[in-house]
Amino acid sequence: MLMDLQYFAEQEETENNENEQTENQEEQVTLTQKELQSKLDSEADKRVAKALEKAQADFETKLQSKLDEAKSEGAKLAKMSASEKAAAEQKAKEDALTQREAELNKRELSANVKDILNEKGLPASLSDSLVALGDADKINDTIGVLSKSIEEEVNKRVKESLRTDPPKNNSSVLGGNKDPFEMKIETYKKK
């Protein structure tokens with residue numbers, strides 16, 4: 001007796017699919033607005049708690065490294081003589097002063113660059129990338145090149161947009177052999 005095994009296999013697959021669909025329908029849970037909000041709140045609380053734990057761990061790690069650095073600096077200072085301590089403190093003050101001076105120079109340079117950009121009609125958003133160059137002469141050269149290239153590009157595009165094609169039928173040529181007005185006048189003269 002011959003049987004169609006494929007027929008039976010397809011029947012089993014369709015029955016399995018129907019069973020899965022009914023299970024999916026049974027798994028649907030209906031929640032009230034309050035229940036849904038409480039679940040969302042609890043999930044948000046879990047995420048916030050996790051982020052806070054991570055931030056706390058990062059903070060403690062940084063704090064510990066700063067404490068270790070301060071302890072090693074204190075140990076170095078304890079081993080130094082009075083003149084060495086004074087020299088180390090003087091060096092630390094000079095480093096802090098140099099850093100402040102660099103920040104002030106950067107702010108002043110940034111303000112100057114923004115003024116120059118405004119004068120040239122360029123966007124002030126370019127100032128941060130230009131200040132990164134650091135040297136005022138390089139910045140002025142770069143602004144000049146930018147201004148010139150933008151002006152050339154604008155002029156080029158204006159010329160392209162104003163350019164028109166010449167007429168194709170030579171109707172604008174007056175006084176020539178093919179002047180349409182003269183041809184029309186001559187037809188009336190001949191009559």
(request) With N set to the residue count of segment 27-99, report its C-alpha Rg divided by 2.2 N^0.38 Å to two decimal places. (result) 2.29
(message) Please report the net charge: other residues with Cβ closer than 12 Å to the Cβ of Phe59, K and R +1, D and E -1.
(response) 0
(request) Compute the length gained on full extension between Ala78 and Thr61: take 0.36 nm times their separation in residues and subtract their Cα-Cα distance, giving the result in nm to one decimal. (result) 3.6 nm
(message) Using a Förster radius of 41 Å, what is the FRET efficiency between Glu69 and Lys46 based on their Cβ-Cβ separation? Nearest 0.05, please.
(response) 0.70
(message) If I take R0 = 30 Å and measure r between the Cβ atoms of Lys91 and Asp128 in this structure, what FRET efficiency does the formula 1/(1 + (r/R0)^6) give, to the nearest 0.05?
(response) 0.40
(request) Given the peptides 100-111, 130-141, 38-49, 154-165, arrange them by the average over their residues of other C-beta atoms within 10 Å, most packed first. (result) 130-141, 100-111, 38-49, 154-165
(message) 7 Å from Cα along Cα→Cβ at both Lys120 and Val29: what's the point-to-point distance in nm?
(response) 6.3
(request) Calculate I(q)/I(0) for segment 76-118 by the Debye formula, one identical point scatterer on each C-alpha and no solvent, and give its log10 at q = 0.34 Å⁻¹ to two decimals. (result) -1.01
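Every read-out reported here was derived from the displayed coordinates using simple, explicitly stated rules and does not represent laboratory data. Note that this is a predicted model, so its numbers are computed, not measured. Quick reminder, even Gly has a Cβ in these numbers, built from the backbone with ideal geometry, and neighbours come from all protein chains shown.
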